[in-house]
Amino acid sequence: MQNPDDQDGETAPQSVSIKILSSLDDISPEAWDSVANPGWLQTPSGGFTPDPELERQRELIESVSQEPESFSQTAPYNPFLSHAFLQSLEEAGCASAETGWMPRHLVLEGAGNAALGAVPAYLKSHSQGEYVFDHGWADAFYRAGGDYYPKLQISVPFTPATGPRFLASPAVDRTSGMQALASGLVEVCKRSGASSVHATFLTREEWEKLGEIGYLQRTDQQFHFENPGYESFDDFLSALASRKRKAIRKERAQAVSAGIEIEWVTGSDLTETHWDAFYDFYMDTGSRKWGRPYLNRQFFSLIGERMAEQILLVMAKRDGRYIAGALNFIGSETLFGRNWGCTEHHPFLHFELCYYQAIEFAISRKLARVEAGAQGAHKLARGYLPSTTYSAHWIAHPGLRDAVADYLDRERAAISEENRLLSEHSPFRKQD
């Protein structure tokens, strides 16, 4: 395999340069979004719509290039890559030097400083909030006398959701653009005194390309609901084995048996009252699960102001008072489940708000899938099937790199086998 260290820097035109941003305030929303979600336009209400010029641009590119595709040219809209989401994390102080998430975003620039590509990157002093665990690597390196931190993290902070990480304009050649950005990350790593580069929740295509140029490849597992075109939740139930179908109906009935009402709140209906209630839920769950929740109250107000059309709150109310809620983000093809919390505990309410309501919403919006967050084999019985997630890692120290490479060979095989075995226990009816 080709090592990023060995590249001669000629992977992109000489007129292209890489700039490092210490804040997303240093780039306009329009410039960032043109590479983060190319082909999509932001609406005044914070939603998104396909750019009618995309097809014209594609035809123009194809007329002059033998390899016209870019990493994200035809990608679905991903709300987590938007300037609004990432900048809200920074403005609220959630992703900052003080929290161990120092922004070091890379922007690939062409003539006239036009943005041609970008990578959301952070210099990190710990391994929290990533959902791809490397604490063992850090501990081993420390015991051997090395310093694992800082490290360079390419991700959406606190968000275990798959999406492009090497962002590009449709005008950029796919291979050369990615190699330029990947090599730039290695250079930033060296200049920063960082031990390593970690790109998490990549697309499979990015994962494969990074592997080809010397990054170490890692896999993990999530559970996703796939929508083949159901017209209703009952259509989904009819595809399940009888025993699973009855179990889900029983769980849903018990979840609301205490007089609980459920609301979908999105767009202009979202208010600060909703965010006040949800923040109480989030803090309760976060404090119990990991001690210090990553997000603060200001962050929720900012995303409510800037991207309300891309947000779905599923709220549970009893006796006129909100008692639980689940936060989701809406992409063009995927509903992303993110956070959940409650102030009253009721049997199966978590499953109802986070899994079943998400399926109902996805079907109603004709979305292709629901990503319900990290881990959780219990999701299998509720229609969420195992799905492989991908990350890639460049490690500077040869000894640590060799040790991690050996570990990852075995881990990938184990993940593949576990996914195979779990798939044999699918809740869906066997096809003749």
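The values are calculated or read from the model by the stated rules, or taken from the named source; none is laboratory data. Only a predicted model underlies this, so the values are computations on that prediction, with no experimental measurement involved. Every residue, glycine as well, gets a Cβ built from its backbone with ideal geometry; the counts of neighbours run over all protein chains shown. Note: areas computed on protein heavy atoms with side chains; ligands, DNA, RNA excluded. Shrake-Rupley method; radii C 1.70, N 1.55, O 1.52, S 1.80 Å.
Points to keep in mind about this one:
Residues checked against (1) over 30 Å from Ile395 (Cα atoms); (2) not in a helix (DSSP H, G or I):
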site	(1), (2)
Gly211	no, no
Ala253	yes, no
Asp276	yes, no
Phe281	yes, no
Pro293	no, yes
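- Residue that is open to solvent by 40 Å² or more (accessible area, probe 1.4 Å), touching a Pro at 6+ places or on another chain (Cβ under 6 Å) and of a type in the set (D, E, K, R), where the choices are Glu333, Glu305: Glu333
- Restricting attention to segment 353-362, the residues that are over 21 Å from Phe158 (Cα atoms) and open to solvent by 10 Å² or more (accessible area, probe 1.4 Å) total 2.
- Contact map, segment 172-199: residues that are over 23 Å from Ser15 (Cα atoms) paired with residues that are part of a loop (DSSP other than H, G, I, E, B) and not acidic (Asp, Glu), Cβ distance under 6 Å, separation 6+ or inter-chain. Pairs shown: Ala194/Pro150; Ser195/Tyr148; Ser195/Ala396; Ala199/Arg165.
- Meets criteria (open to solvent by 10 Å² or more (accessible area, probe 1.4 Å) and either within 21 Å of Gly211 (Cα to Cα) or modelled with pLDDT under 95 (or both)) for Leu400: yes
- For segment 408-432, the set of residues classified as in a helix (DSSP H, G or I), open to solvent by 40 Å² or more (accessible area, probe 1.4 Å) and either touching a Lys or Arg at 6+ places or on another chain (Cβ under 7 Å) or touching a residue at least 60 places away in the same chain (Cβ under 8 Å) (or both) consists of Arg412, Ser416, Glu418, listed by residue number.
- Residue in segment 394-403 that is under 16 Å from Gln222 (Cα atoms) and of a type in the set (Gly, Ala, Ser) present: no
- Any hit, segment 235-255, residues being open to solvent by less than 60 Å² (accessible area, probe 1.4 Å), within 30 Å of Gly47 (Cβ to Cβ), modelled with pLDDT of 95 or more and among the hydroxyl-bearing types (Ser, Thr, Tyr): no
- If you go through segment 266-304 and pick out every residue that is aliphatic (A, V, I, L, M), farther than 17 Å from Val314 by Cβ and at pLDDT 95 or above, you end up with 2.
- Residue that is modelled with the highest pLDDT [pool: residues in segment 213-226 that are surrounded by 21 or more Cβ atoms within 10 Å (Cβ to Cβ) and in a loop (DSSP other than H, G, I, E, B)]: Tyr215
- Matching entry among Pro398, Pro347, Pro386 (being free of Cβ contacts under 8 Å to residues at least 60 places away in the same chain and not β-branched (Val, Ile, Thr)): Pro398
- Whichever residue in segment 345-375 is at pLDDT below 95 and assigned to a loop (DSSP other than H, G, I, E, B) and, among such residues, is nearest to Asn227 (Cα to Cα): Gln375
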